[in-house]
Amino acid sequence: MFLQRRNRILRTNAAIRSLVAETNVSANDFLVPFFIVEGTYVKEQIPSMPGYYRMSLENTVLHVKHLYSIGARAVLLFIKCADTEKDNTGAAALRVDGLMQKSIKAIKEAVPEILVFTDVALDPYSIYGHDGIVTNGLINNDATVAVLAAMAVSHAIAGADFVAPSDMMDGRVAAIRRALENHQQHHVGIMSYSAKYASCWYGPFRDALDSAPGFGDKKTYQMNPANRIEALKETSMDIQEGADIVMIKPALSYLDIIRDIKNKVNVPVAAYQVSGEYAMIKAAAAQGWVDEQAAMIESLLSIKRAGTDIIATYYAETYLKLLQA
Ligand code: PBG
């Protein structure tokens, strides 16, 4: 048989396949999430996230050092607030000596080269488990934005490199940029969760931080999974308001959104492979139904191929170790 073109030539062996690979996931792509808790020498596995832990500060610092040594360049910090500290104002989120502020300082002192991104949202601090202040049973957008801006400034002063608002309130990126400018935090960037969907895949994360909504759901602020155009609206507004990096979340169910956004914007695009995506692979692998390593690699590659510059993933450490092997 004569064929003018034989496409399989470029798939003959591993060497040629790697030479012509269009996408490559590398150590520079990762944002590593951390769940930090009060206490000393705490390291507790999150039941719905096998192999992932909540750690107290000194263990977190040790782990950040280790991750840096194997190639990680950025961490994304979440804290678990004690129940007794939770309220409806976010007071615990603003303390100069709060767990987040202490953690930022300790990590930057121990590993100055690593970039520290911090979660800016009220849900871990909220008695209602919502990302906003609740007034008469509703999420109070404007009151929440004022607290988020103050929270972002406190993270910046503690040494954060980027603040990452994950709340989906209207106008928060502009308010945060303005507050950072007003407090001489000109060097601090904003990575906004621009297209964050009201997703079932956040379940294990809410276990990790004990932050599930106490009433209702998050559909009045997080986006409807049915919508595409709205993701572009949200993202372009965040960029106008001053977002340096935009994010799509979750990742694997929203690869079309990642590509739409990548084609439209001129800022770096991040995606979050969220807790439920991780848990799903872990669970299927534990049953012997999928090969975990292959599922990790294929999912990360797909997220990157869709148009992602930065991937937040609970698989970062496993992948970094694999790169070293
Ligand atoms: C809340 C927040 C959530 C996640 C990151 N920030 C959960 C939520 O919106 O309820 C989810 C991350 C994950 O599932 O891995 N501000």
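Work through the residues other than Lys102 whose Cβ is under 14 Å from its Cβ and net out their charges, Lys, Arg +1 and Asp, Glu -1.
-1
Can you tell me the orientation of helix 57-69 relative to the chain, as the angle in degrees between its alpha-carbon axis and the longest Cα principal axis, to the nearest 10?
The helix 57-69 is inclined about 30 degrees to the chain.
Tilt of helix 229-241 relative to the longest C-alpha principal axis of the chain, in degrees (0 to 90, nearest 10)?
It works out to around 60 degrees.
Explain nothing, just the number: dipole magnitude of the chain about its Cα centre with +1 on each Lys and Arg Cβ and -1 on each Asp and Glu Cβ, in debye rounded to the nearest 20.
In total the dipole reaches around 1200 debye.
Using the beta-carbon distance between Gln45 and Ala226 and R0 = 35 Å, what value does 1/(1 + (r/R0)^6) give for FRET efficiency, to the nearest 0.05?
Once rounded, the FRET efficiency stands at 0.50.
With N residues in the stretch 248-304, what two-decimal value do you get for its Cα radius of gyration over 2.2 N^0.38 Å?
Normalised Rg, Cα atoms only: 1.26.
Over the Cα atoms of the chain, what radius of gyration and what Dmax do you get, in Å?
20.0, 76
Points 7 angstrom from Cα along the Cβ direction at Ser236 and Leu323: gap in nanometres?
That separation, rounded to one decimal, is 3.4 nm.
Kindly state, to the nearest 0.05, the FRET efficiency for Cys200 paired with Met1, given R0 = 41 Å and r defined as their beta-carbon distance.
Using R0 = 41 Å, I get an efficiency of 0.25.
Antiparallel DSSP bridges in the chain: what percent, to the nearest 5?
About 15 percent, rounded to the nearest 5.
Under the classification rounded if a/c is under 1.5, otherwise prolate if a/b is larger than b/c and oblate if not, where does the stretch 205-320 fall, given a ≥ b ≥ c as square roots of the Cα gyration tensor eigenvalues?
oblate
Report the calculated FRET efficiency for Ile9 and Asp309 (r = Cβ-Cβ distance, R0 = 35 Å), to the nearest 0.05.
With a Förster radius of 35 Å, E is 0.65.
With the cut-off at 27 Å, tell me which of the pairs Lys264/Lys321; Lys80/Lys219; Lys65/Lys86; Lys105/Lys264 have Cα atoms farther apart than that.
The answer is Lys264/Lys321; Lys65/Lys86; Lys105/Lys264.
When a/c reaches 1.5 or more, the comparison of a/b and b/c decides; with that in mind, is the stretch 74-114 rounded, prolate or oblate per its Cα gyration tensor?
Note, shape of the stretch 74-114 comes out prolate.
Could you work out how far helix 255-264 tilts from the main Cα principal axis of the chain, as a 0 to 90 degree angle to the nearest 10?
With both axes taken from Cα atoms, the answer is about 80 degrees.
Which shape class, rounded, prolate or oblate, goes with the stretch 87-150 when its Cα gyration tensor gives a ≥ b ≥ c as root eigenvalues, a/c under 1.5 marks rounded, and past that a/b bigger than b/c marks prolate?
Prolate, since a/c reaches 1.5 and a/b exceeds b/c.
If you rank Leu94, Leu10, Leu122 by how much accessible surface each has, with a 1.4 Å probe, what is the order from largest down?
Heavy-atom accessible area, descending, gives Leu10, Leu94, Leu122.
Measure off 7 Å from each Cα along the Cα-to-Cβ vector at Leu62 and Glu109, then give the distance between these two points in nanometres to one decimal.
Output for this residue pair reads 1.8 nm.
With each label point set 7 Å from Cα along the Cα-Cβ vector, what nm distance links Val20 and Arg178?
Result: 5.4 nm between the two label points.
Could you state how much accessible area Glu292 has, in square angstrom rounded to the nearest 10, with a 1.4 Å probe and all protein chains kept in place?
For Glu292, solvent-accessible area is about 60 Å².
As a check on your grasp of the helix formula, calculate [θ] at 222 nm for the chain: sum -39500 (n - 2.57) over DSSP H runs of n ≥ 4, divide by the residue count, round to the nearest 500.
So the calculated ellipticity at 222 nm is -12000 deg cm²/dmol.
Residues of the stretch 197-233 with amide nitrogen under 15 Å from the 7 Å Cα-to-Cβ point of Glu38?
The answer is 210, whose backbone nitrogens lie closer than 15 Å to the label point.
The values are calculated or read from the model by the stated rules, or taken from the named source; none is laboratory data. Only a predicted model underlies this, so the values are computations on that prediction, with no experimental measurement involved. So basically every Cβ, Gly included, is an ideal-geometry build from the backbone, and we count neighbours across all protein chains shown. Please note that ligands, DNA and RNA were not included when accessible areas were found on the heavy atoms of the full protein model with its side chains. Shrake-Rupley method; radii C 1.70, N 1.55, O 1.52, S 1.80 Å.
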